[in-house]
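Please treat every number below as a calculation from the coordinates, not as lab data. Predicted, not measured: the structure shown is a model, and the values here were computed from it. Methodologically, a virtual Cβ is constructed for each residue, glycine included, from the backbone with ideal geometry; neighbour enumeration extends over all protein chains shown.
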Ligand code: IZC
Ligand code: ZN
């Protein structure tokens, strides 16, 4: 007797093991008229519809689409407060970095995060995760970076760790101490503080990756190199916020230091993209941020893919530059603004996203023995999702075979 059978699946999305680079991203294996069997939290059977063994729970997919749980490989999940008061400034045309320079932006969130209790941050983070799960996400990366001091960075990371242990979703913690520079400190002194903090974070197993915001007015390429090399020396694989606003060369640095991912890349140069294609670093693109900041120029995904880079997509969920938990919306922006195909997009939020956060062996694919992290979508075919944007298409979401979200039947409206 199986625990769960999902039968009459119109399209079962079966991404290949990543990282998929360039042209390989255009291939998305799909099995039609399929069924899945789940036992003890794992996928134990993949076959034709109508042929599954009996199960305690039977789900009729009604010829809709099943995919692996989506993976959001870049989020600033845990922080105090919110920044809606900055929206009018943005509307009036004040740039993101100018708001930061005036003590707003990240620094405003730092103030709120320092004041927040660990329990308060935990409850808020849990609610955010629940919204992500409702949109079909079963694994996320979560960064610190709103403490900018020893105590608060560790507080944030403890909250992230507890959110992962709670088990609703997989949560991969990243230490982003060098996220901004506190008003009262010289950049190099602060950076050294964050470097000194690395060994504590290692000893307390508080983070899997480290990250730095390499940008004009934040950290230079040289400072980023120093932090990333120190991280690697302690055994941390590294990530970098690179070339988001200005082309400083963070992309090239990421590839040179074999960063797991380089994120944003809106201003990445031709040379940077060529290096990405030749290297092992995954390009994590965040079109929701470009959209939210009201910019016209998006990351050049087509050029990156044409050269052969591996691309993943993420929300960048944070209180300033992209305030959404909805990775489906990002999939639509990837189609509309980055001109990615539906096949590339599904690969970018499953198998390649898994690679960007070290989950390539445990998430992002459906195969025998894999964790049953699955989404049943109320869409007629996989190309439909990016096309119909801004609403939630997730019908049922399972994490390790457990049903963690269910759209009420009354809310499943016919689409055509
Ligand atoms: O809170 O503004 N870009 N970090 C780098 C962010 C955006 C988060 C924020
Ligand atoms: Zn970010």
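Structure above, values below:
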quantity: Distance from the stretch 375-416 to the stretch 194-245 (C-alpha centre basis), Å; calculated: 37 Å
quantity: Inverse mean reciprocal Cα-Cα distance (Kirkwood Rh) of the stretch 1-146, Å; calculated: 19.1 Å
quantity: Overall Cα dimensions of the stretch 137-194 - principal axes, largest extent first, Å; calculated: 40, 19, 15
quantity: Nearest 10 degrees, 0 to 90: helix 118-134 Cα axis against the chain principal axis; calculated: 40 degrees
quantity: Computed over the chain: relative contact order in percent, which uses C-alpha pairs under 8 Å that are six or more apart; calculated: 21 percent
quantity: Gaussian network model of the chain, Cα within-10 Å springs - most flexible of 229, 11, 151; calculated: 151
quantity: The stretch 7-91 - share of DSSP beta bridges that are antiparallel (%, nearest 5); calculated: 75 percent
quantity: Rg over Rh, two decimals, the stretch 70-180 (C-alpha only, Kirkwood Rh); calculated: 0.99
quantity: Whole-number percent relative contact order across the stretch 232-278, with pairs defined as alpha carbons under 8 Å at least 6 apart; calculated: 40 percent
quantity: Percent breakdown of C-alpha pair distances by 10 Å bin, ordered from the shortest bin, for the stretch 286-334; calculated: 27, 52, 20, 1
quantity: Within the chain, helix-based [θ] at 222 nm, where runs of 4 or more DSSP H residues each add -39,500 (n - 2.57), nearest 500; calculated: -9500 deg cm²/dmol
quantity: Helix axis angle, 150-166 relative to the chain longest principal axis, alpha carbon, degrees; calculated: 0 degrees
quantity: Most mobile listed residue (104, 93, 294) in the chain, GNM with C-alpha springs under 10 Å; calculated: 93
quantity: Pairwise label distance in nanometres, residue 131 with residue 60, each label 7 Å out on the Cα-Cβ vector; calculated: 3.5 nm
quantity: Base-10 log of normalised Debye intensity for the stretch 43-116 (one unit scatterer per alpha-carbon) at q = 0.22, 0.27 Å⁻¹; calculated: -1.10, -1.26
quantity: Stokes-Einstein D in µm²/s, Kirkwood radius over Cα pairs - the stretch 302-407 at 37 °C with 0.692 mPa s viscosity; calculated: 221 µm²/s
quantity: With Cα atoms, 0 to 90° folded angle of helix 187-203 axis to the chain main axis; calculated: 40 degrees
quantity: By average C-beta atoms within 10 angstrom, highest first, the peptides 47-54, 242-249, 72-79, 306-313; calculated: 72-79, 306-313, 242-249, 47-54
quantity: Cα gyration tensor of the chain - equivalent ellipsoid semi-axes, whole Å, descending; calculated: 35, 22, 20
quantity: Computed lengthening from residue 123 to residue 183, 0.36 nm per intervening residue step minus Cα-Cα distance; calculated: 18.7 nm
quantity: For the chain, share of DSSP beta bridges that run antiparallel, in % to the nearest 5; calculated: 45 percent
quantity: Stretch gain in nm, segment residue 203-residue 269, where the contour uses 0.36 nm per residue and the Cα spacing is subtracted; calculated: 20.0 nm
quantity: Most mobile listed residue (261, 205, 67) in the chain, GNM with C-alpha springs under 10 Å; calculated: 205
